[in-house]
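To keep things clear, I will list the structure first and then write my remarks on it.
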Amino acid sequence: MGELLVDILKSPERTRVSFELLPPLKGDTIESLYKNLDPLMEFDPPYINVTYHREEVVYRNVSDHLMERKTIWKRPGTVAISAAIKYKYRVMVIPHMICGGFTREETENALIDLNFLGIHNILALRGDPEISTRVFIPEPGGHAHAVDLVRQIMNMNRGVYLDEELKNATPTRFSVGVAGYPEKHPEAPNRQSDMQYLKEKIDAGAEFIITQMFFDNRKYFRFVDECREAGIQVPIIPGLKPVATKKHLSYLPRAFGVDLPGDLVKAVEKCRSNEQVKQVGVEWAVQQCRELKEHGVPVIHFFTMGRSDNIRKIVQAVF
Ligand code: FAD
């Protein structure tokens, strides 16, 4: 249970796999998460990511002419779940921290909790916009961009907390990762500006990058080259998600701004059931993993999205 991910990434002996988990839906138990994670732990992941989800606003009909606005938090518990996983499986955890829905004060308190729990690696993200507005609106007193969150965490690493009157506060030792987008972030006007902002996050103190999913390895390799040309030298962990349903053909490009290669689309279109689509997705991801492994990437990060059966098949075939 090494302390910092960057230390593992510095001298990788072989390509390893890691898994990103979603907190269970409110009302569900942590056992459902363990059920997904148990079959993956035999692959000895160096760390497990736990996503963070902001509140969502929903509108419900209360009468023919009246709608009620309700805020619901569907997947709370990231900090507690991270601690539970860390101590149950004796594995490094990387909770995600997001700007959306949080004031700086709330962020600071969550970071203090993580520090007390011995959790020192964090993935710092802006977070997705609210589904109802589709535009990211920062919380009053919160951060507008992931770089601001990175800076807040780096301040704590220097012993600088929000309360300026605090004297001799103990510095934290967080190692922070950030998101990178081989096909650019969907809101970025072009890849150059996206790269410039990624560089800002690294210059602010981020020590590793985990990429958005991609289905064509050439995009990842090009992205790594562009990062190096831009002076970004930190490890860049590729993120993969296997296609699993026919709906993914339209959902993944729409939700994540990624392209699906023609051959993959054709193979999925030929499938008669989602079971067949899953098999196509597994085979595609196996090819991607083999090439990434040959290329010597330190870790392959799987977005599990609450399902482990297809991920298990991929890892079994490659490692
Ligand atoms: P930023 O780095 O802030 O970038 C967002 C956009 O703003 C980009 O277009 C960028 O080019 C631009 N930009 C950046 N800085 C500036 C600036 N200073 N001025 C002007 N423009 C700027 N979302 C969740 O809600 N919870 C999760 O747990 C989660 N986990 C994720 C894990 C991974 C590996 C990845 C790749 C994404 C994850 N996301 C998650 C999604 C992520 O929150 C969204 O993609 C979000 O829209 C952008 O987050 P970011 O941290 O990249 O934002």
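Please treat every number below as a calculation from the coordinates, not as lab data. For clarity, every value in this text was computed on a predicted model and none was experimentally measured. Glycine also receives a Cβ, built like all others from the backbone with ideal geometry; neighbour counts cover every protein chain displayed.
Numbers at a glance
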read-out	value
Shape of segment 1-159, Cα gyration tensor, a/c cut at 1.5	oblate
Calculated Rg and Dmax of segment 5-318 using C-alpha coordinates, Å	19.8, 66
For segment 5-318, with +1 on Lys and Arg beta carbons and -1 on Asp and Glu, the positive-most of 57, 220, 209 along the dipole	220
Nonlocal amide H pairs with residue 16, under 5 Å, H built at 1.01 Å	299, 300
Cβ-Cβ FRET estimate between residue 65 and residue 25, R0 fixed at 35 Å, reported to 0.05	0.65
Relative contact order %, segment 5-318, counting alpha carbon pairs below 8 Å whose residues are six or more apart	18 percent
Debye, to nearest 20: dipole size of the chain, +1 on Lys, Arg Cβ, -1 on Asp, Glu Cβ	860 debye
Euclidean distance between Cα centres, segment 176-212 to segment 133-154, Å	15 Å
Sequence of 227, 289 once ranked by neighbouring C-beta atoms within 10 Å, starting from the fewest	227, 289
GNM flexibility winner over the chain from 216, 64, 28 (Cα, springs under 10 Å)	64
Segment 2-96: C-alpha gyration tensor shape, a/c 1.5 cut-off, then a/b vs b/c	prolate
Estimated inter-spin distance, residue 263 and residue 164, nm [label 7 Å along Cα→Cβ]	6.0 nm
Least to most buried among 22, 5 (fewest other Cβ within 10 Å first)	22, 5
Alpha-carbon Rg with Dmax, taken over segment 136-247, Å	16.6, 57
Percent of Cα pairs exceeding the 25 Å cut-off, where the set is segment 213-319	20 percent
Sorted by Cβ neighbour density within 10 Å, fewest at the top, the residues 250, 18, 82, 175	250, 175, 18, 82
Separation of the residue 199 and residue 247 label points, Cα + 7 Å toward Cβ, nm	4.1 nm
Along each principal axis, Cα extent of segment 203-264, largest first, Å	40, 20, 16
Euclidean distance between Cα centres, segment 92-108 to segment 68-82, Å	13 Å
Anisotropy class of segment 87-172 from Cα gyration tensor, a/c 1.5 cut	oblate
Choice from 229, 68, 275 with maximal GNM fluctuation in the chain (Cα, 10 Å cutoff)	68
Estimated dipole of segment 200-274 in Debye, rounded to 20 [Cβ of Lys and Arg +1, of Asp and Glu -1, Cα centre]	660 debye
Approximate spin-label separation residue 155-residue 305, in nm, with each point projected 7 Å along Cα-to-Cβ	3.6 nm
Positive-end residue, segment 9-88 charge dipole about Cα centroid, Cβ charges, pick of 43, 33, 12	12
